[in-house]
Each structure stands twice: as C-alpha cells, then as structure tokens.
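The values are calculated or read from the model by the stated rules, or taken from the named source; none is laboratory data. Note that the coordinates shown come from a computational prediction; the quantities given were computed from them, not determined experimentally. We place every Cβ from the backbone using ideal geometry, glycine too, and count neighbours over all the protein chains shown.
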Ligand SMILES: Nc1ncnc2c1ncn2[C@@H]1O[C@H](COP(=O)(O)OP(=O)(O)OP(=O)(O)O)[C@@H](O)[C@H]1O
Ligand SMILES: [Mg+2]
C-alpha cells in the first residue's frame with residue numbers, strides 16, 4: 001500500500017485500508033476498549049506484521065512474556081525469536097540477536113530495582129512502583145540498546161513501540177493519567193518511533209480508565225462489544241475515532257476474532273474498504289521531507 005506518508009502496518013489488511021495503509025510513522029495510536037474485546041490481539045498482530053522489517057519493543061504490563069508468544073502462536077504469528085528483557089538483565093539470555101524485545105513488567109518486578117538505581121544515578125525522578133513511567137521508560141531505553149538502535153540518546157532506526165496496556169502505570173493515581181501519558185510521550189517522542197498503546201474502557205461509565213490518554217494520542221481506534229445482554233452473543237465493533245494528519249474511514253466496522261487468523265472483518269465487505277482506500281490513498285498527503 002503506498003501513499004505520501006510512511007506508514008506502519010497494523011497487520012490486519014482491512015484495518016490498514018481503513019487507515020490508508022496504517023499508522024503514520026512517528027504517530028501515537030491509542031486502542032481503547034472493554035475487557036476481552038481484542039486490544040491485545042490487535043497489538044500482537046501489529047508486532048508480527050512488522051518484526052521482520054523493523055525492530056519492535058513490546059511492553060506487556062498485564063501478560064507474561066510466555067503468554068504473549070503463546071497467544072501469537074494461536075493466531076499463526078511466530079514470535080518465538082522474541083527476547084524477554086528480564087532474561088537479558090538476569091543473564092539467562094546472552095549474545096542477543098533479535099528484532100523483538102518483550103518487556104514483561106511482571107517478570108521485571110524482581111529486576112526493577114536495578115533499573116531504578118540506574119535511573120536515579122542519572123538524576124531522574126525517583127520511581128515508586130515497578131509499573132511507573134520511569135521504569136517503563138528505562139526499560140524501553142534498555143530495549144533500544146539490546147536491539148542495537150541506541151546511540152548517545154538517539155534512536156538510529158525506525159522502531160515500533162507497543163505498550164499493552166497503559167492503565168497500570170497510573171493505577172495508583174488515576175487523576176494523573178493525562179500528565180503521566182504526556183510525560184511518557186515527551187520522553188519517548190522521536191520522529192522515527194511509532195507507538196501503539198492500549199487502554200481499558202469501562203462500558204458502564206463510557207470512560208477510559210484514567211481519562212486523558214485520548215488527547216495525547218494522534219489516533220484512536222475504539223473497540224466495543226455491542227450490548228451482549230440483549231444480543232446474547234459477542235458482537236465486536238471498532239471505529240477509528242480520530243487520526244491526526246491523515247484521512248481515515250469513518251464508519252464502524254464489525255469484526256470477529258478467529259482462531260489462526262485474529263481480527264477478521266464481517267462488515268462492511270473488504271471490497272468497500274479497498275474501494276475507499278483506492279479513492280483516497282496518496283491524496284493531500286505531501287511526502288515527508
Ligand atoms: N485462540 C483464540 N481463538 C479465538 N479467539 C480467541 C483466542 N484467544 C482469545 N480469543 C478471544 O479474544 C478475547 C481476548 O482478546 P484480547 O486479549 O485481545 O482482549 P483485550 O481487549 O486485550 O482485553 P483486556 O482489556 O482484558 O486485556 C477473548 O475473550 C476471546 O474471545
Ligand atoms: Mg489485553
């Protein structure tokens with residue numbers, strides 16, 4: 001898929017069409033939605049689609065490293081070359097050659113004190129929890145080193161950073177969600193760092209937990225399950241709610257999660273999305289300088 005802006009594929013053909021080829025390079029995409037709707041699977045598909053072309057850092061705050069790889073396998077995505085940051089830090093894995101570093105923050109809980117010490121030595125704020133923004137940042141920077149893309153604080157290559165999910169980072173202070181996400185963005189921002197992050201959404205209140213990340217994200221994909229009590233079945237929908245600097249498909253899309261395949265489109269048909277893509281791809285999008 002070609003257009004003026006360089007884009008990172010989401011690993012899902014119909015969703016790539018709806019986003020004119022994917023997430024614009026350097027953008028922050030937020031995926032919101034209720035539990036079990038498919039946020040994590042979407043991020044795993046995005047990781048799988050890009051890992052052969054560019055380095056990927058996958059921050060998992062809620063699932064073990066092993067479960068990320070196992071879930072991927074259920075959808076025919078091979079992430080077995082992934083390396084866990086905790087395994088590198090503890091010396092269990094040496095001479096790392098990989099394009100995918102998974103930061104398993106459960107696994108890191110024991111090692112985090114070491115990261116904290118390094119962060120404090122550099123005069124950064126003292127972090128309080130293994131899931132603090134400081135630890136996440138220090139871990140991501142460590143992952144850049146392992147991937148061989150870090151040079152004097154610069155990131156030397158295009159990289160995809162996935163954070164699944166943001167919520168635990170501010171669970172101790174929900175009112176700080178916006179500030180914490182903003183700080184994370186400031187620290188992580190580079191024109192060659194594309195970010196996909198997820199956040200939970202409470203169906204009862206219609207609010208994301210820790211409201212605030214939405215304003216900081218460049219694009220939002222919102223996912224929901226349509227009235228399961230009435231429908232008496234799981235009917236999944238998603239909509240691209242916002243996308244800065246790019247056109248995007250405006251209608252909700254109905255999908256299912258299929259074993260071996262992942263997120264599959266039910267409605268509208270793929271032809272409708274392809275048609276829409278062909279109509280708008282490359283229009284009013286000057287090339288990057
Ligand atoms: N192997 C599989 N085959 C088919 N469907 C699956 C498979 N594994 C999980 N699912 C479906 O995917 C759902 C979980 O999706 P996912 O983990 O992406 O949700 P999530 O939005 O990340 O939820 P949470 O907010 O709780 O993390 C399950 O509830 C199930 O319906
Ligand atoms: Mg999840």
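Okay, here's what the table says:
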item: Boolean, residue 82 is free of Cβ contacts under 8 Å to residues at least 40 places away in the same chain, surrounded by fewer than 16 Cβ atoms within 10 Å (Cβ to Cβ), within 26 Å of residue 263 (Cβ to Cβ) and under 17 Å from the mean Cα position of the chain (by Cα); result: no
item: Output for the range 178-193, where each listed residue is outside any helix (DSSP H, G or I) and out of contact with any strand residue (DSSP E or B) (no Cβ under 8 Å at 6 or more places or on another chain); result: 189, 191
item: Top-ranked residue in the range 160-177 [being touching a helix residue (DSSP H, G or I) at 6+ places or on another chain (Cβ under 7 Å) and away from ligand 2 (no atom under 16 Å from the Cβ); ranked as farthest from residue 132 (Cα to Cα)]; result: 160
item: Candidate set from the range 57-79 (those that are outside any helix (DSSP H, G or I) and more than 17 Å from residue 147 (Cβ to Cβ)); member that is farthest from ligand 1 (Cβ to nearest atom); result: 78
item: Single residue of the range 31-56 satisfying the filter (within 10 Å of ligand 1 (Cβ to nearest atom) and in contact with a helix residue (DSSP H, G or I) (Cβ under 6 Å, 6 or more places away or on another chain)) that is modelled with the lowest pLDDT; result: 33
item: Meets criteria (in contact (Cβ under 8 Å) with a residue 60 or more places away in the chain and not in a helix (DSSP H, G or I)) for residue 31; result: yes
item: Any hit, the range 3-21, residues being more than 13 Å from ligand 1 (Cβ to nearest atom), surrounded by fewer than 19 Cβ atoms within 10 Å (Cβ to Cβ) and outside any helix (DSSP H, G or I); result: yes
